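The values are calculated or read from the model by the stated rules, or taken from the named source; none is laboratory data. Since the model is a prediction, treat every value here as computed from it, not as a measurement. Note: ideal-geometry Cβ built from the backbone for every residue, glycine included; neighbour counts use all protein chains shown. We work out accessible area using only protein heavy atoms, side chains counted, and drop any ligands, DNA or RNA first. Shrake-Rupley method; radii C 1.70, N 1.55, O 1.52, S 1.80 Å.
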Amino acid sequence: MAASLSTVKGLCATASKVLAATQCSNLFADHIAKISVQPVRQSMYNPKYVEPIIDKATLEKGLDPDDLRRHRPIKAPTTDISISPLFYDPEILKFTNMMMKAGNKERVREVMRKLFENLKHMQVEKYNKATSESEKAEIECNPVVIFKQGVENCKPLLLVTRVVKGGVAYRVPVCARPNEQRFRAMKWIIESCRDKERRIPMEQKLAWEIMDAYNNQGKAIRRKQEIHRICESNRAFAHLR
Amino acid sequence: MASLSPWTRYSLCRSLRYCRSSASSVLFSRDLLRNQNGIAGSGSSRDNCTEAPSPSSSDGKQKASSGKAVTISRAMRAYMERAKAHDDMMKAEVADYEIGKRHLANIMGEDPDSFTQDDVNRAIEYLLPSGLFEKRARPMMKDPYEIFPKKKAAQFGLDGRPYHWLYFTTSPNYYALLYDIAWKMEDLKAEEDRLAEEKDGKPDREKESSDFTLARSEWITHQRLKDLLVENVPEKEYRHFLVLMERLAAHPLAYKMEEFIATYREPIAMQSQTLEVPQIEVDSDGRSFATASGKRKKCAATVRVFKPGSGKVVINGEDLQYFSNFVYRESLLFPLSLTGLVGEVDIEAEVQAQGGPTAQAGAIRLAVSRAVTAFVDESIREDLRLAGMLTEDPRTKERKKPGQEKARKKFTWKKR
């Protein structure tokens, strides 16, 4: 009995060591990739330059004296992210850029401003109509929170890719990376609004769509579910990825 | 012979063949000694070789006293010739340099005996002014030992056997370094295992007390590594070295190898200490102000920031509506909102009206940030720097390429 116990212990020890080793190797893999992969296109900045901190909250918290950014030169932020340090949000910026057509960013910014205004109006109206305190407490009145939650709800977990094997094309479900998830979610929301009637202004259509997405309804959510259904039906090919 | 192992047989054959082939290169040890002294003598006191040739003279003497013939390998002979030629050349160059320096001093009307290298540089710049951008392409006069690349001393003895065990890798110093790193890594791993058994989750006090960090320094440059090793290290090998060193430095017990790691790192100054802060001046009305200038693309701006103020902004004689787009107005005020000075300072900006609004706004933003640093304390100045407000944006339009429609866009590809 004692012998068997010790072997079990030994096994556990080796297992933990192996685990540690794999973790270490992963750590290094990141490191090595960073150094050995050369960028194809050149940046105007010397590689020593690091990204700026736009977020005011992070700045107020203060940096560790040994933080790399204390010792490195900092890149200058582009014009459109140096807007207001209080309202800087990378997600909203991404959405704005995705909606932009032919570089007309000013127009899209106007649409976004009105979109948040619309969302706010819709929620405040509901809030005022609500009778009891508990109902009022449930209504989210911050349009940025609604926007973010709406996009979050549209993010697909799985996507299908086309894999050709033996001359036959299979639709293979794969995990969606975070960037791709965000891209799909935003794309679906924008596309579903562009499909709608042309006479209604974009900000109104977007406000409805995002409100729907916030409540897990609407066209974009249906597209997500459609993709999930395709993935489910093709789950037999998942090993081909 | 049949009882010999294959390896012995092989080496025997080799040595036999060498005897035969090297018969012509048999020299008497006296000649050799003279030869060797020639090299040692010409090496001079400014010998910048990493390793002196180590065939010790005592060995040579022993053989000399016994009067036996000594063979010098062909490689060694070739090296001796090369070393002698190089030393002669260097001697001639140094003599030329010394004479040239005296001539130059006379031309400049200064004392030739106390004419230093700095004086030489100044004289050359004065006599032969050059507008060439590349500094190394400009005329120069330097000590030949600074101009000609350093050469390694003989890497093998009189018998032709290399001293270094990694000689046949062709860059022994480089591979020895890699070997060192690998073994240091192994040591750390062993140490980690030992500590894990010993301490069992107790905090490492030694680690807490050591202030090992990579933030305050950076890896030595490619050129520096080459100079250190006196070897040509290709770009790829340099990156390999970096990978290994990064790996070593990322180890939790890396602080134990601090000394070793530090030899391959160069310290960098804290960025906040390198900032230039404009002076606060006072104008005729008694208001204090600071002046700074900024650039973006082809646009330059000069800005005066007055404190105390009421938030008034004047750009080329107009107010903030100089920019029709909200983004530009907001980006101008970004440094103010970061420092909490909105409504407390007045801004007066002069900007060239060439270039688009983005360039103009960017130039003013940079100038405002620089001027504002005069009125704020150290920590807020650092915040401004961390937000990238004090950096000049180097990005400009990318040039159009021949054979392409634009900078990156290609022509439509047609088969025929």
Open item on the list: For B:Ser217, what residues show an amide H to amide H distance below 5 Å, using hydrogens built from the backbone and excluding near sequence neighbours?
Closed with: B:Ile268
- [ ] Over the whole of B:391-398, what's the average partner chain Cβ count within 10 Å per residue? Rounded to a whole number, please.
- [x] 4
Task: Area of A:Thr161 that stays accessible when all protein chains are in place (1.4 Å probe, Å², to 10) - done: 60
- [ ] Give me the distance in nm between label points sitting 7 Å out from Cα along the Cα-to-Cβ direction at B:Lys298 and A:Arg235, one decimal.
- [x] 6.2
Open item on the list: How many Å² of accessible surface get buried when A and B come together, counting both sides, probe radius 1.4 Å, rounded to the nearest 100?
Closed with: 3700
Open item on the list: Probe radius 1.4 Å, ligands and nucleic acids left out: which of A:Met99, A:Met122 has the largest accessible area, and how do the rest follow?
Closed with: A:Met122, A:Met99
Open item on the list: Leaving out ligands, DNA and RNA, and with a 1.4 Å probe, what % of the accessible surface on the range A:71-150 is carbon or sulfur?
Closed with: 53
Open item on the list: Give me the percent of accessible area attributable to carbon and sulfur for the range B:281-386, probe 1.4 angstrom.
Closed with: 48
Open item on the list: I need the GluC sites (Glu not before Pro) found in the range B:345-416, filtered to DSSP loop residues with at most 11 other beta carbons within 10 Å of theirs.
Closed with: B:Glu405
Task: Built amide H within the under 5 Å cut-off of A:Tyr49, gap 5+ - done: none
TODO: State in Å² the accessible area per residue of the range B:74-147; use a 1.4 Å probe, count heavy atoms of protein chains only, and round to the nearest integer.
DONE: 72
- [ ] Using θ = phi - 60° and the Karplus relation 6.51 cos²θ - 1.76 cosθ + 1.60, list the HN-Hα couplings for the range B:318-333 in order, rounded to whole Hz, with x at every Gly or Pro.
- [x] 9, 8, 4, 6, 3, 9, 7, 8, 5, 4, 5, 4, 5, 5, 5, 8
Open item on the list: Can you work out the Karplus-derived ³J(HN,Hα) for every residue in the range A:57-63? Use 6.51 cos²θ - 1.76 cosθ + 1.60 with θ = phi - 60°, whole Hz, and x for glycine or proline.
Closed with: 4, 5, 5, 5, 5, x, 9
Task: Loop trypsin sites (Lys or Arg not before Pro), the range B:251-350, which have at most 14 other Cβ atoms in a 10 Å radius of their Cβ (DSSP) - done: B:Arg287, B:Lys298, B:Lys312
- [ ] Could you state the accessible area per residue of the range B:168-267 in Å², with a 1.4 Å probe and every protein chain left in place?
- [x] 59
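Within a 10 angstrom radius of each residue's Cβ in A:63-72, how many Cβ atoms of other chains show up on average? Whole number is fine. Show your work: numbers first, answer last.
Working: counts 3, 2, 4, 6, 3, 5, 5, 8, 12, 4.
Whole-number average of other-chain Cβ neighbours for A:63-72 is 5.
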TODO: Could you sort the residues of the range B:344-371 by number and keep only those whose accessible area is reduced by 10 Å² or more in the all-protein-chain setting relative to the chain alone, 1.4 Å probe?
DONE: B:Thr358, B:Arg365
Task: Projected label distance in nm at B:Glu110 and A:Lys126, using a 7 Å step from Cα toward the beta-carbon - done: 8.2
- [ ] Taking the Cβ of B:Tyr238 as the centre, find all other residues whose Cβ is under 13 Å away and add up their charges (Lys, Arg: +1; Asp, Glu: -1).
- [x] -1
TODO: Can you send over the carbon and sulfur percentage of the accessible area for the range B:84-187, probe radius 1.4 Å, protein chains only?
DONE: 56
Task: Accessible area of the range A:168-229 divided out per residue, in Å², using a probe of 1.4 angstrom - done: 58
Task: Cα-based shape type of the range B:74-147, given that a ≥ b ≥ c are square roots of the gyration tensor eigenvalues and the cut on a/c is 1.5 - done: oblate
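Ignore the peptide's own chain and count Cβ atoms of other chains within 10 Å of each Cβ in B:327-334; give me the average, rounded.
Average per residue, whole number: 5.
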Task: Sparse-neighbourhood loop sites, GluC sites (Glu not before Pro) in the range B:126-216 - DSSP loop, at most 11 other Cβ within 10 angstrom - done: B:Glu134
